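The values are calculated or read from the model by the stated rules, or taken from the named source; none is laboratory data. The model shown is predicted, which means the values in this text are computed figures rather than measured ones. Glycine gets a Cβ as well: all are built from the backbone with ideal geometry, and neighbour counts include every protein chain shown. Note: areas computed on protein heavy atoms with side chains; ligands, DNA, RNA excluded. Shrake-Rupley method; radii C 1.70, N 1.55, O 1.52, S 1.80 Å.
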Amino acid sequence: MTFVVVEGPEGAGKSTLVRWLGTAFRTEGREVLTVREPGGTPIAEAARKLALKSRHDRAYAAELFLFLAARADLVERVIRPALADGQMVIADRFGLSTIAYQVAGRGLPRADVEAALRVATGGLTPDLTLILDVPVTVGRERQKVAGKVRDRIEREDDTFHTRVREAYRSASGPGIVHIDASQTRKAVQDAAWREIVAATALSLKGA
Ligand code: Z5A
């Protein structure tokens, strides 16, 4: 079991947790690759710029395919080779982001998006998905304190981001775990560590 995804709304602490997990598992002697979506290959980084920074208006379906183009390239050229090499891969966002933002947020039809997602990933699914949950206002405040410049999607209103949060909160299925991310960083890290160790049946000292 080596493919772990960290998901959740903006400002939930995903990047902070992914960085910490990468360091913690490397300290334990595991080979770990951390990736951030969208991005991670030249094509995926170009798609990220178009999806998040371009000032041009676009159809929601066009936005969807920019995220999926980024994912397809990252999966084929980076994630699958790393998994085949026996590495643990920890991703900051993956397919559930598309369900939360493009389906719940934008209103695109779920079944069609799921079919397109399968094309983009070639059917690759995470072994474990950790969903960090924070109220929209808390996530936004954290971003403000961090001085983050809002991208095209972050500029959407609270109603949009509440739909996104609710989509995450209602997600369930094999390997999906919810973590209360309004706790301290340390409490979130401990919870994530416990879940990964349990899911992988790894015998580790503990961070
Ligand atoms: N998107 C999409 O629409 N469809 C898709 O398929 C995909 C993505 C893959 C990517 O944005 C955008 O693309 C995203 C969804 C869309 N837009 N939105 N919204 P991004 O990569 O730039 O990042 P983000 O995930 O939206 O935002 P973020 O600010 O990077 O969130 P985060 O990674 O969850 O948070 P963080 O950077 O780790 O932490 C934010 C601050 O909070 C920072 O100062 C931390 O030190 C602090 N922090 C972290 N944890 C804590 C705790 N526990 N307590 C207090 N403070 C904390």
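For the reader, a short list of remarks on this structure follows.
- Amide H to amide H, with H built 1.01 Å from N, R36 comes under 5 Å of D92, counting only residues 5 or more places away or on other chains.
- Residue-averaged [θ]222 nm for the chain, counting only DSSP H segments that reach four residues, each worth -39500 (n - 2.57): -14500 deg cm²/dmol
- Radius 12 Å from Cβ of A72, net charge of other residues (Lys, Arg +1; Asp, Glu -1): +1
- Helical segments meeting 18 Å axial Cα length and Kyte-Doolittle -0.5 threshold in the chain (DSSP H): 14-27, 60-74, 185-200
- Farthest toward positive dipole pole in segment 127-190 [+1 Lys/Arg, -1 Asp/Glu at C-beta], among V136, I179, G147: G147
- What you get for the chain, charging only the Cβ of Lys and Arg (+1) and of Asp and Glu (-1), is a dipole of about 500 debye around the Cα centre.
- All-pairs Cα distance distribution in the chain, expressed in whole percent, bin size 10 Å: 8, 36, 39, 16, 1, 0
- Every pair of different Cα atoms in segment 40-87 enters the Kirkwood calculation, which places the hydrodynamic radius at 11.4 Å.
- The percentage of C-alpha pairs in segment 61-143 whose separation is greater than 19 Å is 45%.
- Rounded Å value of the spacing that divides the Cα centres of segment 18-56 and segment 98-118: 21 Å
- Only protein atoms count toward the accessible area here, which uses a 1.4 Å probe; on segment 93-185, the carbon and sulfur part of that area reaches 53 percent.
- Nonlocal amide H pairs with G8, under 5 Å, H built at 1.01 Å: L132
- For the chain, the relative contact order works out to 33 percent when only alpha carbon pairs closer than 8 Å and six or more residues apart are counted.
- Rounded to the nearest 20, the size of the Cβ-charge dipole of segment 2-79 about its Cα centre is 220 debye, with Lys and Arg at +1 and Asp and Glu at -1.
- Segment 84-207 gives an Rg/Rh value of 0.98, both radii derived from C-alpha positions and Rh following Kirkwood.
- Neighbour count of at most 10 Cβ within 10 Å plus DSSP loop: longest trypsin sites (Lys or Arg not before Pro)-free window in the chain: 56-154
- Amide H contacts under 5 Å for F3, placed H, 5+ residues apart: V89, D127, L128
- Within a Gaussian network of the chain (alpha carbon springs, distance under 10 Å), most fluctuating of T162, T184, T98: T184
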